[in-house]
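Below is one structure, written out as structure tokens, with a few remarks after it.
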Amino acid sequence: MKKFRLFPSFKKNSEKSDISVAKAVKKIDFISFQKCLNYKINDRKYFINALTHRSFLKIKRETTPQLLTSNERLEFLGDAVLDLIVAEFLYKNFPGNEEGDLTKFRSILVNKRFLAERAKSIRLQDFLLASNTALRSITEGYDAILADAYEALIGAIFLDSGYESVKKFINQEIFIKLDIKWLNQFDENYKSKFLEFSQANTEYIPEYKVIKEEGPEHHKLFTVEVHLADNCLGSGKGKSKKQAEQEAAKNALQNLDVLEKIGILKKKK
């Protein structure tokens, strides 16, 4: 008999959870949301999950919707679905491009900055369930929250109506606007850009040197300089050597006038 006494308590908690979820759902204007997506939602629960940032679950724990979970698992699924659809599109529509070009284009189309821009184009930030701090960080230009929510949204559409539907959504939101010039504005491979410039305009190739490592082993900060013909053209810091090298190359690209002063530019014929 003691075991059966647990059931009324469980039922009571379940009802409270349902009520909490209902309150959270009221924060989302699904009519406007569907118009922004240009997509008809079948099962709202996937999209409630996609719109729930983990910061929302930390607001006043005693009143947090117990059935709600963050969008991180859906983000994982959406990331994989997006990768596949983008790879398929590039393979079919860029038959003249080598594997390296396709890889470069895909990395641009799935990076955080680009996905955040796509999220803003459908006003995704207006529908997010997130703390005020998280929402404020979006207005201040922090891309990760919006980009992650966009991937979670892709996962939600995939679960809601399948692969072809999410392909249609990505086609209307990304592919119909695709051209090489448009892709290039999102290319953040500064090392590649600086290498191409150096090879085209000088007889030298960039050399990257780690000049400082700070912090404990699990939280390093690297400082890297990039040199051309033994001349330092830029430096950068990052949590990894690659990140620091990219920052150094970015700074070097803003310092190209130095090349003329030190006399290593190729003479124009």
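Things to note:
- Ordering Asp43, Asp257, Asp83, Asp160 from the fewest to the most neighbouring beta carbons within 10 Å gives Asp257, Asp43, Asp83, Asp160.
- When only the Cβ of Lys, Arg, Asp and Glu is charged (+1, +1, -1, -1), the dipole of region 83-122 relative to its Cα centre reaches about 300 debye.
- Legend: ranking of residues Ser121, Ser161 from fewest to most surrounding C-beta atoms inside 10 Å; resulting order Ser121, Ser161.
- Computed E for Tyr163/Asn189 - FRET, C-beta separation, R0 25 angstrom, nearest 0.05: 0.25
- Point-to-point label distance, Ala200-Lys26, nm (Cα→Cβ direction, 7 Å offset): 5.9 nm
- In plain terms, the chain from Lys220 to Phe175 could stretch by 12.3 nm, reckoned as 0.36 nm per residue minus the Cα-Cα distance.
- Applying 1/(1 + (r/R0)^6) with R0 = 30 Å to the Cβ-Cβ distance of Lys209 and Tyr142 gives a FRET efficiency near 0.45.
- Couplings 3J(HN,Hα) of region 39-47, computed from phi: 8, 8, 7, 8, 10, 5, 4, 5, 7 Hz, in residue order, whole Hz [Karplus 6.51 cos²θ - 1.76 cosθ + 1.60, θ = phi - 60°; x for Gly and Pro].
- Each of Glu217, Glu245 was scored by other Cβ atoms within 10 Å of its Cβ. Listed from fewest to most, they are Glu217, Glu245.
- Charged side chains reduced to their Cβ positions (Lys and Arg at +1, Asp and Glu at -1) give region 17-184 a dipole of some 660 debye around its Cα centre.
- For the set Lys120/Lys209; Lys112/Lys193; Lys58/Lys167; Lys104/Lys250; Lys191/Lys220; Lys104/Lys209, the pairs lying more than 28 angstrom apart at their alpha carbons are Lys120/Lys209; Lys58/Lys167.
Computed from the coordinates by the stated procedures, all read-outs in this text should not be read as laboratory data. Everything numeric here is computed off the predicted structure, so don't read it as measured data. With ideal geometry, Cβ positions are generated from the backbone for all residues, glycine too; neighbour counts draw on all protein chains shown.
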